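Participant: The structure under discussion is supplied below as structure tokens; questions concerning it will follow.
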Amino acid sequence: MPLRAVCLGLLAVTAAACGGSSSGGTPAASSPPSSAAASSSASASQPADAAAAKAEITTNWEKFLSSDTSQTEAKTLLQQGDSLGPALKKAAQEDKATGGTRSAKVTKITFTSPTQANVNYLLKAAGRTLNAAGIAVLEDGTWKVSDITFCTLVVLGNGSRPVKGCAS
């Protein structure tokens, strides 16, 4: 179990780095929009209904990262979930090996575009709580855990060895 604890610790660091590096760089500084232009400017950097999107991201991330969620349901909450079946199976095996009590609590969501957001969350697994970060994406009208975030987690849980379905 100590090796898994170390891997989970690395998972938080790598997931945070992964989540931050995919944003495409630092946004250009701009002056605050006038009140007439505020609604059109807001839609350029976030969804039209940001509050609803945040609620959906929170629900879907916490459900996806819960040990209680079936692989079938998890697949629907994961970007390109249909192609990541083998990796989802590996993640379930890793979860079971560490006690099967994984859960998450989303703590912050920052939109980087109308279809992508950085997500900070607390991940509870293997008796530890870790600060982690990743990316949510809007795919087919549903806010999902990005494949990059998921693959980072499952590869780290696998001792940084490749996992079928996740690009190396």
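Participant: Once fully extended, how much extra length lies between residue 112 and residue 44, figured as 0.36 nm per residue of separation less the alpha-carbon to alpha-carbon distance?
Facilitator: 23.6 nm
Participant: Same structure, new question: For residue 112, enumerate residues with amide H under 5 Å from its amide H, sequence gap 5+ or separate chain, H modeled in the peptide plane.
Facilitator: Hits under the 5 Å cutoff: 117, 118.
Participant: For the stretch 88-96, in order, what is each residue's ³J(HN,Hα) by Karplus, 6.51 cos²θ - 1.76 cosθ + 1.60 with θ = phi - 60°, in whole Hz (x at glycine and Pro)?
Facilitator: 5, 5, 5, 4, 5, 5, 5, 4, 4
Participant: Expressed as a fraction of 2.2 N^0.38 Å, the rule-of-thumb size for a compact globular protein of N residues, what is the C-alpha radius of gyration of the stretch 98-138?
Facilitator: Dividing the Cα Rg of the stretch 98-138 by 2.2 N^0.38 Å gives 1.33.
Participant: Hey, what do the phi angles of the stretch 126-135 turn into as Karplus ³J(HN,Hα) couplings, whole Hz, using 6.51/-1.76/1.60 and θ = phi - 60°, x for Gly and Pro?
Facilitator: Per-residue couplings from phi come out as 6, x, 10, 10, 10, 7, 9, 8, x, 10 Hz.
Participant: A further question on this structure: Scan the stretch 96-168 for trypsin sites (Lys or Arg not before Pro) in coil per DSSP, keeping those whose Cβ has at most 14 other Cβ atoms within 10 Å, and list them by number.
Facilitator: Passing sites in the stretch 96-168 are 164.
The numbers here are math on the coordinates, done by the rules we state, and not lab data. A quick note: this is a predicted structure, and the numbers were derived from the prediction, not measured. Every residue, glycine as well, gets a Cβ built from its backbone with ideal geometry; the counts of neighbours run over all protein chains shown.
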